[in-house]
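For reference, the structure discussed in these notes is given below.
The values are calculated or read from the model by the stated rules, or taken from the named source; none is laboratory data. The model shown is predicted, which means the values in this text are computed figures rather than measured ones. Don't worry about glycine lacking a Cβ; one is built from the backbone with ideal geometry, like all the others, and counts go over all protein chains shown. All accessible areas refer to the heavy atoms of the entire protein, side chains included, with ligands and DNA or RNA removed. Shrake-Rupley method; radii C 1.70, N 1.55, O 1.52, S 1.80 Å.
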Amino acid sequence: MKTLIHPTAVVHPKSELHHTVQVGAYAVIGAHVKVGPETIIGAHVVLEGPCEIGAGNQIFTGAAIGMEPQDLKFVGEPTWVKIGDNNLIREYVTINRATGAGEATVIGDGNLLMAYVHVAHNCVIEDQVVIANSVALAGHVHIESRARLSGVLGVHQFVHIGRQAMVGGMARIDRDVAPYMLVEGNPARVRTLNLVGLKRSGMDAADLQMLKKAFRILYRSDLSFKDALEQLELLGDTEELQHLRRFLLLSQMPGRRGLIPGKAKKGASDES
């Protein structure tokens, strides 16, 4: 029977690989690494533990996953990388373990991380997120499902990027990106709704119209943040509007960085 582990690969005896896992040439898999079925580990990949990787993932050449965090607060406490199913992790992606005992850097399901993406300690990437080449996520960044990040940009620590948001290339993201919005430029600004992405997702026309009204309230009016939220309450109670309002409120909580503002006159989104 043909072996699925290349003879030049180094696999620690305390690792746990499902018998269907493929391991390429010169890959190195350390102790306390667990890999689920049908996952493909490319040549020169390095996996360190504690690290759990689910089923059906493809990890391309030179990726380094589970290394210690690049964080001076880290003192060797047990932390994790936890990766779900059916992710594409391209060449030379780096994903660091978390800081803080028992904490984890988490990647969900169905994501695409293109070449040279860096995911720092304690980041959370939900599901079906696409991150283009050479994007750097600082520690504690949270990216909600189906967001899209274009290439060669940086995201400041503790920033949250909302569901189905789109971030343009070469931007500096130092505050939260509200769900469903398109952000680009330097300094980054909310330009419009992520209309292409929302339409491709199959969003109902009526729900899309509600989001258009919400965008005008938030980014094209002189309303205060409090007044804008009250106007959003009057729009309706769709799931999208509920999520948007919840995200906006949480962005003002201690430990969060506030919202990236709009491009035009001062509006509700400019308040911290």
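For the reader, a short list of remarks on this structure follows.
- With 24 Å as the limit on Cα-Cα distance, the pairs of Lys212/Lys263; Lys34/Lys73; Lys82/Lys199; Lys213/Lys263 that go past it are Lys34/Lys73; Lys82/Lys199.
- Measuring only protein heavy atoms, the 1.4 Å probe finds Ile40 accessible over about 60 Å².
- Calculated on the alpha-carbon coordinates, the convex hull of segment 64-152 measures out at 73 cubic angstrom per residue.
- Accessible surface of the chain [probe 1.4 Å, protein heavy atoms]: carbon and sulfur percent: 54
- Stretching the chain fully between Tyr26 and Ala55 yields a gain of 8.3 nm (0.36 nm per residue, less the alpha carbon separation).
- Bridge type composition, segment 103-261 - antiparallel percent by DSSP, nearest 5: 15
- Using C-alpha pairs below 8 Å separated by at least 6 residues, the relative contact order for segment 5-106 is 21 percent.
- Where segment 154-272 is the region considered: accessible area per residue in Å², 1.4 Å probe: 48
- Each peptide among 157-167, 197-207 gets the average number of other Cβ atoms lying within 10 Å of its residues, and from highest to lowest they stand as 157-167, 197-207.
- Size descriptors for segment 136-260 (Cα atoms only): Rg and Dmax, in that order, 13.7, 39 Å.
- The value of relative contact order for segment 49-205, using C-alpha pairs under 8 Å at least six residues apart, is 13 percent.
- Kirkwood Rh, angstrom, segment 1-82 [1 / mean 1/r, Cα pairs]: 12.8
- Spin-label model, Ala43 to Asn186: label points 7 Å out along the Cα-to-beta-carbon direction sit 3.4 nm apart.
- Quarter of the Cα convex hull surface for segment 1-149, i.e. its orientation-mean projected area (nm²): 7.8
- Cβ crowding within 10 Å averaged over residues, with 67-80, 21-34 ranked highest first: 21-34, 67-80
- Distance between the pseudo-spin-label points of Leu249 and Leu195 (7 Å out from Cα toward the beta carbon): 3.1 nm.
- Spin-label pair Lys226/Ala206, simplified geometry with 7 Å Cα→Cβ offset, distance in nm: 3.3
- Volume in Å³ per residue [convex hull over Cα atoms, computed for the chain]: 124
- Applying 1/(1 + (r/R0)^6) with r as the Cβ-Cβ distance of Glu16 and Met170 and R0 = 51 angstrom yields a FRET efficiency of 0.80.
- Accessible surface, per residue, of segment 1-138 when the full set of protein chains is kept, probe 1.4 Å, Å²: 46
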